[in-house]
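Following: one structure in structure tokens, then a few remarks.
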Amino acid sequence: MIETDILVVGAGPSGSLAAKEAALRGANVILIDRKSEIGAPKRCAEGVSKSGLAELGIQPDPRWIARELEGVRLVAPDNTSVYLDNDTIQLPESGYVLERKVFDKHMAMDAARAGAEIMIKTAATSLERVDDGIIVTVNKMGEEIQIHAKIVIAADGPESKVGRWAGLKCNTPFEHMESCIQFEMAGVEMENNRDLALFFGSAAPGGYVWIFPKGDDIANVGLGILKTKADKTAYEYLTDFIKTCPETKNAQAVEINVGGDPVNGLMPDRVGDNILVVGDAAGFVNPLTGGGINSALESGVYAGIVAAQAIEDGNYSKKNLKEYIKLTDDNIGKNYKKYNKAKEYLLSLSDDELNEIAAEFSEIEFTEVNPRSLIKTLIKVSPKALLKLGKLF
Ligand SMILES: Cc1cc2nc3c(=O)[nH]c(=O)nc-3n(C[C@H](O)[C@H](O)[C@H](O)COP(=O)(O)OP(=O)(O)OC[C@H]3O[C@@H](n4cnc5c(N)ncnc54)[C@H](O)[C@@H]3O)c2cc1C
């Protein structure tokens with residue numbers, strides 16, 4: 001039996017940051033991941049907010065930045081485009097397109113440098129509560145091992161099981177789990193290969209199609225759909241889009257990525273005796289944009305801080321870990337209800353309505369774009385927006 005203060009399951013952005021912060025504060029930390037290479041394969045379009053990284057003190061490193069972005073292009077079903085540039089935009093997930101295979105490894109290396117012990121190709125397979133903590137059974141390269149931890153941090157991503165094994169109700173309902181698929185492609189003829197492009201409407205019911213540039217002719221081309229709103233598979237929607245979009249029709253896929261994106265907002269049940277749940281496993285994804293890297297990192301930081309403090313206190317009870325709920329509610333989740341409402345509005349629009357809104361928006365010179373100014377403009381051009389969004393921001 002291996003003994004540790006804190007066991008972090010999953011070395012994605014949330015798990016590595018949790019491990020790093022806890023280790024920096026003197027706790028004994030083990031970080032495990034079932035993958036043989038941390039970060040690979042990626043399941044992400046790799047867009048991340050510059051300011052979000054800066055706020056967490058993560059210094060940009062050319063080794064893991066594929067592209068620095070200039071702005072965002074929003075595209076209506078009839079191809080009308082609305083351009084928002086980085087100087088005017090204050091929305092999340094704008095800034096860089098990462099090379100996540102390098103980024104995730106880099107974050108794990110930082111956790112190792114802080115003192116965490118990393119075990120790769122090590123999958124958690126079951127969990128048992130005992131009087132003085134939790135015993136997690138893991139499969140490490142074919143060998144079964146037991147790890148006894150005072151606190152477990154579940155960072156096991158969108159299909160998380162660890163929290164549920166510990167008795168928490170942290171499971172995304174089917175109707176709120178976006179089904180995502182993406183090709184990394186070469187030969188993409190982008191209108192501007194320094195802008196993100198998002199395509200709305202029936203091309204991706206319940207979500208949107210994205211083209212995220214990673215190089216002059218390289219991009220992640222993908223989409224997310226809600227199965228309850230779709231009548232084809234995500235793969236069919238994507239291949240149909242790629243065939244018909246002028247930018248992608250001559251491009252070739254070099255990688256395919258599939259995965260779920262929980263877009264329901266933060267789960268209330270993310271803390272229990274001896275356990276904290278972080279990142280996608282606890283629904284930290286922004287329900288409007290589907291982006292979860294920044295919030296995963298941030299939730300990991302709070303979990304690491306709170307868990308290390310609990311180790312110092314010698315008290316791993318739910319009550320003593322509840323500070324994590326407060327920190328994440330106050331700093332990450334406070335706008336998620338609004339984002340959810342904005343998403344509902346967006347999903348209620350037909351292709352024709354989207355075309356009309358885009359036509360109006362394309363005439364406007366934006367000097368500043370933040371959620372409030374966007375909604376004010378929407379209310380001006382779409383009567384439905386007043387009804388559905390009202391005084392949202
Ligand atoms: C197609 C797609 C595109 C996306 N695009 C973007 C984007 O552009 N921008 C953005 O911000 N977000 C995006 N997201 C969301 C983003 O990828 C996630 O929010 C983010 O990766 C969450 O980080 P995490 O640490 O919580 O989980 P993950 O990154 O999923 O990491 C979980 C880790 O846990 C490990 N693991 C799981 N189970 C076990 C186990 N039993 N034992 C050991 N290890 C285990 C996995 O191997 C994995 O390494 C996208 C998601 C998808 C699916």
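The values are calculated or read from the model by the stated rules, or taken from the named source; none is laboratory data. Computed from a predicted model, the values in this text were never measured in an experiment. Note that we place each Cβ from the backbone using ideal geometry, even for glycine, and neighbour counts take in every protein chain shown. SASA here: full protein model, heavy atoms, side chains in, ligands and nucleic acids out. Shrake-Rupley method; radii C 1.70, N 1.55, O 1.52, S 1.80 Å.
General remarks:
- All of (1) part of a loop (DSSP other than H, G, I, E, B); (2) away from the ligand (no atom under 14 Å from the Cβ) hold for Phe284 with one exception: (2).
- Residues that are part of a helix (DSSP H, G or I) and under 20 Å from the mean Cα position of the chain (by Cα) within region 67-109 comprise Arg100, Lys101, Val102, Phe103, Asp104, Lys105, His106, Met107, Ala108, listed in sequence order.
- The residues of region 199-212 that are more than 12 Å from the ligand (Cβ to nearest atom) and assigned to a strand (DSSP E or B) amount to a single one, Phe199.
- Within region 270-281, considering residues that are within 12 Å of the chain's Cα centre (by Cα), open to solvent by less than 20 Å² (accessible area, probe 1.4 Å) and over 20 Å from Arg25 (Cα atoms), the one nearest to the ligand (Cβ to nearest atom): Gly279
- The lone exception for Met267 - which of (1) buried (at least 23 other Cβ atoms within 10 Å of the Cβ); (2) farther than 30 Å from Pro77 by Cβ; (3) within 16 Å of the ligand (Cβ to nearest atom) it fails: (1)
- Taking the criterion of being over 18 Å from Pro287 (Cβ atoms) and in contact (Cβ under 8 Å) with a residue 24 or more places away in the chain, the residues of region 210-221 that qualify are Ile211, Phe212, Pro213, Lys214, Gly215, Asp217, Ile218, Ala219, Asn220, Val221.
- Within region 164-193, residues that are farther than 21 Å from Val254 by Cβ have Cβ atoms under 9 Å from residues that are part of a strand (DSSP E or B) and open to solvent by 40 Å² or more (accessible area, probe 1.4 Å) in these pairs: Trp165/Ser126; Trp165/Glu128; Ala166/Arg129; Gly167/Arg129; Ser179/Val258; Asn192/Tyr83, counting only partners at least 6 apart in sequence or on another chain.
- Selection of region 24-66 for residues being surrounded by fewer than 16 Cβ atoms within 10 Å (Cβ to Cβ) and part of a loop (DSSP other than H, G, I, E, B) yields Gly26, Ser36, Glu37, Ala40, Pro41, Leu56, Gly57, Gln59, Pro60, Asp61, Pro62, Arg63.
- Filter result (surrounded by fewer than 19 Cβ atoms within 10 Å (Cβ to Cβ), on the phi < 0 side of the Ramachandran plot and not in a helix (DSSP H, G or I)) within region 303-331: Asn315, Ser317, Lys322
- Against the conditions (1) among the small types (Gly, Ala, Ser); (2) under 18 Å from the mean Cα position of the chain (by Cα); (3) away from the ligand (no atom under 14 Å from the Cβ), Ala155 satisfies every one except (3).
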